[in-house]
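Structure, as C-alpha cells:
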Amino acid sequence: MKTLLTTLPEDAAEIIRRGGVVAFPTETVYGLGADIFNEGAIEKIFEAKGRPADNPLIVHIADIAQIRLLTDDLTFSADALFRAFAPGPITVVVPRSSKVPSIATAGLETIGIRMPRLAIAREFLSACGVPVAAPSANISGRPSPTTWQAVLEDLNGRIDCVLQGNESEIGLESTVVDCTSDPPVVLRAGSISVEQLRAVIPGVRQLDSNDVERPRSPGLKHRHYSPLANVVIGLRGSVNENGAYIGLRRPEHEFRHMRICEDLNEYARSLYEFFRECDRLGIPSIHCEPVEETGLGLALMDRIRRAAEPAS
Ligand code: AMP
Ligand code: MG
C-alpha cells in the first residue's frame, strides 16, 4: 500500500472515516490511529505494528463530550484527573462501555482514555468525528516515534497515511492511571508526575512489584522501547568507545556518538530519537546516564530500564 503524507488534519481524518489507519502527531509521541468503532480498522493497527493482541490500545478524544461514547462510569478519580490535566499527557483507565469493540481493549473490561493537547492532534481528532484508538506508531517493541520521519522508517507502506507535524515536545508516552481502583494506581509513569497526581488525589499509588495479583496493564509485560543496540545504564562495566552516550553530564570518555542534554526535558524528548539515530549508525551499545527518579525522571528511568532489559 502507498502511504500518503499530508500536513492537513482534514485529509488525514477523511481516511479515518473511511476505515483507514493514520499516524498522527501528539505532544507525547506519534500515534497510529483508527476509528474505535470499526473493528476491521482496529485490526489493521495490530497488523501494521505486529502488536500482540493482548496489548490494549488507548482511545483518543477531541472533546470531553465523547467520553460518554466510551464508558458509562467515569469514576470520581478519572473525572478529577481529567479536570486537572486534560487536555494533556494523561490516560485514565475506566470501565469500558459495551459499545466499544473488545479487540481495541485486548478483551479487557476497561478502557484507557486520553485527550491530547497538541493543536494539530485536536484538529485531526475533531475532524474524525469519532474517538480514535491509537498506540504509538512504531513496529511493536521499537522506540516510539517522535518525528514523522521515524514513523515512516517503521511503517512506510504498511499504513494509509501520516499526518506530518513537528517533533513531539515531550517524547515519552502518557502517564496511565487506573481509576477503577480506589485509590487509583499509576500503571505507567509519564511527564505528569506522581507528585502532580497526588496534588489532586493524595492517595494515588504507584504500581510496585507487590502488584502481581492482577496484571492490570497487560502491555507492561511486553518488551518496549528498544533499539537494536544494547542499552546500558550508566558507565559501569566495559565502556565501548564505538558506542554511544546520552545524558546530562559530559562523560570522561569519548564516544562515537554523544548527546549531552541541557535538562531533563531535553533528555526525555531526545531519548527515542537518539536510540533510532544509533541504530541508523549501526552502533552496538548505548550508555544512558541514570537520573534521579522523581518527577519526569521516574518516567525517563522507566523507559531506559525497559530498553535495557534483555529480549524475552
Ligand atoms: P502504547 O502502545 O505505547 O500506546 O501503550 C498503550 C499502553 O497503555 C498499553 O500497553 C497499556 O500499558 C496501557 N493501557 C491501555 N489501555 C489499558 C487498559 N484498559 N488497562 C490497562 N492499561 C491500559
Ligand atoms: Mg507503544
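The values are calculated or read from the model by the stated rules, or taken from the named source; none is laboratory data. Keep in mind it's a predicted model, so treat the numbers as computed, not measured. Virtual Cβ from ideal backbone geometry, glycine too; neighbours counted across all protein chains shown. Ligands, DNA and RNA are stripped out before the accessible areas are found, and what is left, the full protein with its side chains, is counted by its heavy atoms. Shrake-Rupley method; radii C 1.70, N 1.55, O 1.52, S 1.80 Å.
Here are some notes:
- Extents of segment 231-274, taken as max minus min of Cα coordinates on every principal axis and listed largest first, are 28, 18, 17 Å.
- Rounded to whole Å, sorted largest first: equivalent-ellipsoid semi-axes of segment 1-129, Cα gyration tensor: 22, 18, 12
- A 1.4 Å probe run over the protein chains yields, for the chain, 42 Å² of accessible area per residue, whole-number rounding.
- Förster-model FRET efficiency, 22 Å R0, Asp11 and Arg68, C-beta, rounded to 0.05: 0.20
- Environment charge of Arg68, counting only residues whose C-beta is closer than 14 Å and scoring Lys/Arg +1, Asp/Glu -1: -2
- Lysine pairs in the chain whose alpha-carbon atoms fall under 22 angstrom of each other, counting only those eight or more residues apart or on distinct chains, come to 4.
- Choice from Gly31, Gly141, Gly157 showing the highest fluctuation, given a GNM over the chain with Cα pairs closer than 10 Å: Gly157
- Share of carbon and sulfur in the accessible heavy-atom surface of the chain [1.4 Å probe, %]: 50
- Three semi-axes of the equivalent ellipsoid, the chain, Cα gyration tensor, whole Å, largest first: 30, 24, 17
- Relative compactness, segment 86-176, computed as alpha-carbon Rg over 2.2 N^0.38 Å: 1.14
- Nearest-10 value in Å² for the accessible area of Val162, using the 1.4 Å probe: 0
- Segment 1-59 and segment 280-300 have Cα centres lying 28 Å from one another.
- A dipole drawn for the chain from +1 and -1 charges on Cβ atoms has a positive end, and of Gly88, Ile36, Asn265 the residue lying farthest that way is Ile36.
- Projecting the alpha carbon convex hull of segment 48-100 along each direction and taking the average yields 4.6 nm².
- With only Cα atoms counted, segment 1-67 has Rg and Dmax values of 12.2, 35 Å.
- Rounded to 10°, Cα long-axis angle of helix 264-280 versus longest principal axis of the chain: 80
- Dividing the mean sequence gap of close Cα pairs (under 8 Å, 6+ apart) by how many residues the chain holds gives a relative contact order of 21 percent.
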